[in-house]
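The structure under discussion appears below in the form of structure tokens.
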Amino acid sequence: MPLESTAAVDNVRTRQYSLWQRMQFSLVAAAASLFIALVGRTLRIEFSWEEGSIGSMDNVYPGIYPFWHRCVLGATWSFRHRNFAVLTSQSRDGEYIARVIRRFGYVPIRGSSSRGGQRGLLEMDSFVKNGGGAAFTIDGPRGPRYVAKKGPVLLARTTGVPITAFYVAMENTWILNTWDAMMVPKPFSRAYVRVASRIFVPPDAGDQQLAEAYQEMQAALERVTAYADSQFSSRRN
């Protein structure tokens, strides 16, 4: 679906909210964006690449990038203004997220595993085939934590574009009491981004190959998470 159509759908969805709700969305999104920007400017970010990975931020396109929901704030800052589309849920929480990430140059595509997922994947397919990057908070929107959904594997089959999992570890954070144990980076923290080797899915992959690719993606997410967290072994989970 063209981005113009995506914007039109978002406009229709926005009109379904009351004036007060839209004001809340705007105020919360502005405050959250300001916080991310202020703290983000103080972060010391290091990238690390597995063998067989993209090896450089100059090679991110096109690509499919799953990561865990708990590191979304660090990821939002680390990959800002790089032509990424992000699959966000159609819930009210998704509306807040969409408004925040737009401010950092992301294209929100609405859909999730529970609602609008097929339409969301079709839009992601078009975005990737036009040379963009597709990002997935892969255990979202509601968990279970650290259990990946299968969307990136299906997208990799239809686009021929590899899956590249990553994780952003933080040295100093506040950990929220949420399903994902969300990490909120503290100012002047160090951040460590670990990027996995690429996973290719053949266009004619059958059920068995899709299952194997899914397991490979799950393993890659677990591997980069453990590696990145090990850089800050004293950090409490």
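Screening the candidates 61, 65 for the property of being of a type in the set (Phe, Trp, Tyr), within 28 Å of residue 130 (Cβ to Cβ), open to solvent by 80 Å² or more (accessible area, probe 1.4 Å) and touching a residue at least 24 places away in the same chain (Cβ under 8 Å) yields one hit, 61. For the range 140-147, indicate whether the set of residues that are in contact with a helix residue (DSSP H, G or I) (Cβ under 6 Å, 6 or more places away or on another chain) and on the phi < 0 side of the Ramachandran plot is non-empty. Yes, the range 140-147 contains at least one residue that is in contact with a helix residue (DSSP H, G or I) (Cβ under 6 Å, 6 or more places away or on another chain) and on the phi < 0 side of the Ramachandran plot. Return the pair list, or none, for Cβ contacts closer than 7 Å from residues in the range 25-53 that are closer than 16 Å to residue 80 by Cβ to residues that are among the aromatic types (Phe, Trp, Tyr) and crowded, with 16+ Cβ neighbours inside 10 Å, at least 6 apart or on different chains. Here the result reads 29/96; 36/77; 40/77; 43/77, each pair linking the range 25-53 to a residue that is among the aromatic types (Phe, Trp, Tyr) and crowded, with 16+ Cβ neighbours inside 10 Å. Considering the range 118-128, and only residues there that are open to solvent by 10 Å² or more (accessible area, probe 1.4 Å) and out of contact with any Ser or Thr (no Cβ under 6 Å at 6 or more places or on another chain), the residue that is farthest from residue 105 (Cα to Cα) turns out to be 118.
Note on the range 210-236: residues that are among the charged types (D, E, K, R), at pLDDT 95 or above and either more than 22 Å from residue 156 (Cα to Cα) or open to solvent by less than 10 Å² (accessible area, probe 1.4 Å) (or both) total 1. Under the condition of being assigned to a helix (DSSP H, G or I) and closer than 22 Å to residue 55 by Cβ, the residues counted in the range 187-228 number 13.
Residues in the range 218-225 include none that are touching a helix residue (DSSP H, G or I) at 6+ places or on another chain (Cβ under 8 Å) and within 18 Å of residue 165 (Cβ to Cβ).
Pairing residues of the range 162-183 that are on the phi > 0 side of the Ramachandran plot with residues that are open to solvent by 60 Å² or more (accessible area, probe 1.4 Å) and not in a loop (DSSP other than H, G, I, E, B), at Cβ distances under 7 Å and at least 6 apart in sequence or on separate chains, gives 181/175. The residues on offer are 104, 136, 84, and the sole one that is open to solvent by less than 20 Å² (accessible area, probe 1.4 Å), among the hydrophobic types (A, V, I, L, M, F, W, C), over 11 Å from the mean Cα position of the chain (by Cα) and within 22 Å of residue 59 (Cβ to Cβ) is 104.
The values are calculated or read from the model by the stated rules, or taken from the named source; none is laboratory data. None of the values given here were measured: they were computed from a predicted structure. No Cβ is skipped: glycine too gets one built from the backbone with ideal geometry, and neighbour counts run over all protein chains shown. For the accessible areas, the whole protein counts, side chains as well, though only heavy atoms, and no ligand, DNA or RNA atoms are used. Shrake-Rupley method; radii C 1.70, N 1.55, O 1.52, S 1.80 Å.
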